Amino acid sequence: MNEKHDQKLESTEIVTDNRVVSKLQNFWYHNKWTVIVVTFFVAILVVCTVQMFNKDKYDVTVVYGGTEYMDAEQRAAFLAALEGVLSEDYDKDGDRAVALIDYQVFSQDELYYETEAVIDGEETVVKVEKVAAHWNTEQYEGLQSALRMGEYSICFASPYIYQTLLADKAVKISTVTDVPVISYDGKAVELRDTDFYFYNEAMQVLPEDTVICLLPQYAVGASAQDKIYQRSVDLFVSIITYDVVE
């Protein structure tokens with residue numbers, strides 16, 4: 001009897017008098033890492049699903065890349081102006097809603113400002129960063145990645161961002177509207193050349209040399225869906241051809 005008892009203890013099975021508990025313990029002993037990994041991924045899936053169903057719905061999303069930062073009030077007013085020229089409530093949820101994804105990015109020339117300082121008892125002019133250089137790099141790379149995803153089609157951008165990330169990708173304006181507009185390269189329009197900017201004070205939170213352009217339809221992301229992409233086209237045209245008859 002003692003010999004059999006010793007043999008059981010030497011095996012990898014967990015021994016207990018309760019058969020149900022014994023089976024559960026043995027299952028856990030042999031499969032615990034599988035259970036842990038599966039549980040982890042199930043938890044991630046549940047969280048993502050909940051976030052997907054709970055997040056606010058928007059008819060159109062636009063992107064801004066440039067030096068300006070909008071506070072909550074400015075942001076709300078900016079979006080309200082865009083929503084005012086949205087042609088319809090596309091998702092029929094009772095609201096014309098526009099979302100903004102923004103990145104505050106400076107060129108190397110824009111990143112620094114000069115100020116006077118006393119160093120070793122002497123006044124001198126020094127350059128000071130407006131934001132941390134590493135943070136600026138992260139913002140630039142974040143914007144770059146966002147533009148590759150095919151999720152966003154309308155871009156508001158500083159001249160620097162337009163020239164470095166958008167100029168070679170933007171759609172020719174003549175392909176989306178026959179209405180003549182002032183454009184310096186056939187693709188982008190400076191906000192100062194639009195009535196929409198002039199007559200909407202909320203838009204003037206952005207510098208007047210900010211440009212607006214339309215990216216092409218991608219094979220991936222939200223823009224891959226024709227009806228989603230067309231929403232951006234319609235809003236883009238509404239902005240650049242906005243006309244106020246006095």
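Observations, loosely collected:
- Coupling constants for the range 229-238 follow from the phi torsions by the Karplus curve (6.51 cos²θ - 1.76 cosθ + 1.60, θ = phi - 60°), and in residue order they are 5, 5, 4, 5, 4, 4, 5, 4, 5, 4 Hz; glycine and proline get x.
- Where N is the number of residues in the range 56-240, Cα Rg divided by 2.2 N^0.38 Å: 1.13
- Relative packing of peptides 64-71, 207-214 - highest average C-beta neighbours within 10 Å first: 207-214, 64-71
- Computed from phi, the 3J(HN,Hα) profile of the range 100-112 under the Karplus parametrisation 6.51, -1.76, 1.60 (θ = phi - 60°) reads 10, 10, 10, 10, 8, 10, 10, 6, 4, 6, 7, 5, 10 Hz, with x in place of Gly and Pro.
- With R₀ fixed at 22 Å, the C-beta to C-beta distance from S107 to R148 puts the FRET efficiency at about 0.60.
- FRET efficiency estimate (nearest 0.05) - Cβ-Cβ, W28 to D95, R0 51 angstrom: 0.55
- Highest-first packing order for the peptide set 188-196, 172-180 is 188-196, 172-180, based on the mean count of other beta carbon atoms within 10 Å.
- Rule-of-thumb Rg ratio for the range 142-203 [Cα; 2.2 N^0.38 Å; N residues]: 1.20
- Taking amide H as placed 1.01 Å from N in the peptide plane, Y64 has its amide H under 5 Å from the amide H of I101, D102, Y103, F156, each at least 5 places away in sequence or on another chain.
- Going by neighbour counts of Cβ atoms within 10 Å, the residues V181, V128, V98 line up, fewest first, as V128, V181, V98.
- For the range 77-94, backbone phi angles converted through the Karplus equation (6.51, -1.76, 1.60; θ = phi - 60°) give residue-by-residue couplings of 5, 4, 5, 4, 5, 5, 5, x, 10, 5, 5, 6, 7, 4, 8, 6, 9, x Hz, Gly and Pro being listed as x.
The numbers here are math on the coordinates, done by the rules we state, and not lab data. The model shown is predicted, which means the values in this text are computed figures rather than measured ones. Positions of Cβ are generated from backbone atoms using ideal geometry, with glycine treated the same way; all protein chains shown enter the neighbour counts.
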